[in-house]
1. Just a yes or no: is a residue in segment 20-27 in contact with a Cys (Cβ under 9 Å, 6 or more places away or on another chain) and part of a strand (DSSP E or B)?
2. So how many residues does segment 149-183 have that are modelled with pLDDT of 85 or more and more than 16 Å from Ser121 (Cβ to Cβ)?
3. Tell me which residues, restricted to segment 63-72, are of a type outside the set (A, V, I, L, M, F, W, C) and either within 13 Å of the chain's Cα centre (by Cα) or crowded, with 17+ Cβ neighbours inside 10 Å (or both).
4. Would you check which residues across segment 42-62 are within 13 Å of the chain's Cα centre (by Cα) and part of a strand (DSSP E or B) and list them?
5. Kindly indicate whether any position in segment 138-153 is acidic (Asp, Glu) and either more than 22 Å from Thr8 (Cβ to Cβ) or in contact with a strand residue (DSSP E or B) (Cβ under 6 Å, 6 or more places away or on another chain) (or both).
6. Taking segment 13-45 as the region of interest, how many residues are farther than 21 Å from Trp105 by Cβ and surrounded by 13 or more Cβ atoms within 10 Å (Cβ to Cβ)?
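The values are calculated or read from the model by the stated rules, or taken from the named source; none is laboratory data. Since this is a predicted model, take the numbers as computed values, not measurements. Because the Cβ atoms are built from the backbone with ideal geometry, glycine has one as well, and the counts that use them run over all protein chains shown.
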Amino acid sequence: MTYDALTTRYGFSCPVHGAAAVALHEFRQLERLPGAAHPAVYRVRFACGCGAEHPGLVTHDDLDYAPLGLEEGRFLNLMTSRLEDVGSELGDLAVRRIRAGEWPWTFYCCAEERPRPVFPSAFTLIAEVEGWIALAVRCPSCGRLSVNLVSPEHVDLPFHTDDEVGVVPVPFPARALRSADEFARELRGASIEVRRLAA
């Protein structure tokens with residue numbers, strides 16, 4: 001598994017095409033595996049371009065920090081025809097934004113009735129529902145699950161926060177949190193309210 005900060009895609013193996021470039025919103029399930037803690041490892045299922053879902057493994061660093069550009073990376077500068085380092089520049093930009101009070105990912109916690117900062121490792125299920133991305137997120141503050149409906153950019157691009165998100169205002173049934181398909185089916189009949197995230 002690799003992550004490309006410039007394309008915002010994870011690289012996984014695909015049994016049909018050999019390789020797949022996957023956006024974070026195309027993940028379906030994320031589950032931290034017991035055992036290793038430094039780095040923690042997550043089992044994911046992702047929707048592949050071949051039409052199937054495949055399993056993969058992602059480290060905590062690749063899931064939460066690589067999208068911020070904190071890893072080493074190089075790109076071909078077409079103006080100079082040279083390979084140039086991009087990691088330090090992207091990392092510096094991320095640090096400045098966090099120091100200014102911006103957080104890379106934000107969601108609305110229903111239990112606390114307010115927006116909360118989060119990293120992708122807090123996502124448990126992701127589903128596409130009628131053009132929206134539905135996220136089941138475990139709040140790092142209170143530990144409860146909330147369901148938000150957001151744009152793909154809200155999930156894929158660090159520091160892109162939708163002004164408003166759809167929120168399921170009541171606790172979600174546990175049976176609907178077993179798979180991304182059950183999650184999406186349950187959401188189609190759920191009551192959705194709009195909440196502001198951006199100031």
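1. Checked segment 20-27: at least one residue is in contact with a Cys (Cβ under 9 Å, 6 or more places away or on another chain) and part of a strand (DSSP E or B).
2. Here the count works out to 17.
3. Listed by number, the residues that qualify are Asp64, Tyr65, Pro67, Gly69, Glu71.
4. Tyr42, Val44, Arg45, Phe46, Val58
5. no
6. 3
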